[in-house]
Structure formats: C-alpha cells, structure tokens
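Here is the structure we will look at.
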Amino acid sequence: MRKPRHSKRIRGASLVEVTAGLFLLLPLFLCIIDLSAIVLGQITNDSLAKRVARAAAHQNNAGAASAAATAVITATAVNGIVSSPALVNMNFNDVSPGNVICETKVLITIPAPVPFVPLLQRSREMRARATEPIVMLPALP
C-alpha cells in the first residue's frame, strides 16, 4: 500500500521548518552563552577588585599595600574565560578619608564569537574598581 503524496509534502514542510528554526535558534543560543561568559567574567573581575582593595586596606603604608595587592593578583586563578588579571591603578589615601581605591582588569575570552556583533568578538578587556576603608592606620597622638 502506497502512502499518498500529501503526507510526503507535510514531512517535507516539517523538515524545512525545523531547518529554518535551527538557523534562527542556534545563533541565539550561542549569543546567550557568550553573554553569560561576559557576565561571569565581569563578576569575577568585580570580586578580584574587591579582594585587592581589601588586602591593600589592611596594610600600614602604600608600599606594603602595593605588595599585598600584587600578591592577590598573582594568586588569582585563571580559566578558559577569564585570563590576564592585572592591577591597573591603586590609590592609597592614608589621610582623610583614609581609603584605598583599586582598579583591576581582566581579559574575557568569548566561547563562540559572533563576527558581526562588536560586543561578542573573540576577547574583551573588562575593568572594575573597588574602594575600601583603611583599617591599619595608626592612631593619631
């Protein structure tokens, strides 16, 4: 018994719909993965800036604060998405108001770059800034 031509047309139309849907959904899925990597990288960099500022704020002077900040940057683990952590700027202000301002940067590698979207190119540099009050200042006489 032969199947009617009508069912073959329906199967062919379904195949075309699935193929067209994949051409739309696959890039959308890849963009979601890329945006997730960017958000993850920025969260990691914000955390790094906070840890660097906190380590520097527990020191007595600018030299010790710089050494502590560099030690935190050196000990930072990198992965396939977040790499090249660096300390861009550190301001150890031991007079009023007595705080440390640290700026860090990391390189975020996009897992599935989209050629026509500037935000989703192969890699991007992200910066973060954190401020912490100095807790190791000697008391004034």
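The values are calculated or read from the model by the stated rules, or taken from the named source; none is laboratory data. Not measured: the values here are computed from a predicted model. Every residue, glycine as well, gets a Cβ built from its backbone with ideal geometry; the counts of neighbours run over all protein chains shown.
Observations on the structure shown:
- Cβ pairs under 8 Å, 6+ apart, first in segment 25-44 and surrounded by 15 or more Cβ atoms within 10 Å (Cβ to Cβ), second small (Gly, Ala, Ser) and modelled with pLDDT of 85 or more: Gln42/Ala128
- In summary, Ala49 fulfils each of the numbered conditions (1) aliphatic (A, V, I, L, M); (2) within 17 Å of Ile101 (Cβ to Cβ); (3) part of a loop (DSSP other than H, G, I, E, B) with the single exception of condition (3).
- Restricting attention to segment 72-110, the residues being outside any strand (DSSP E or B) and surrounded by 12 or more Cβ atoms within 10 Å (Cβ to Cβ) number 8.
- Scanning segment 113-135 for residues that are surrounded by fewer than 14 Cβ atoms within 10 Å (Cβ to Cβ), more than 14 Å from the chain's Cα centre (by Cα) and of a type in the set (A, V, I, L, M, F, W, C), we see that the one that is modelled with the highest pLDDT is Val135.
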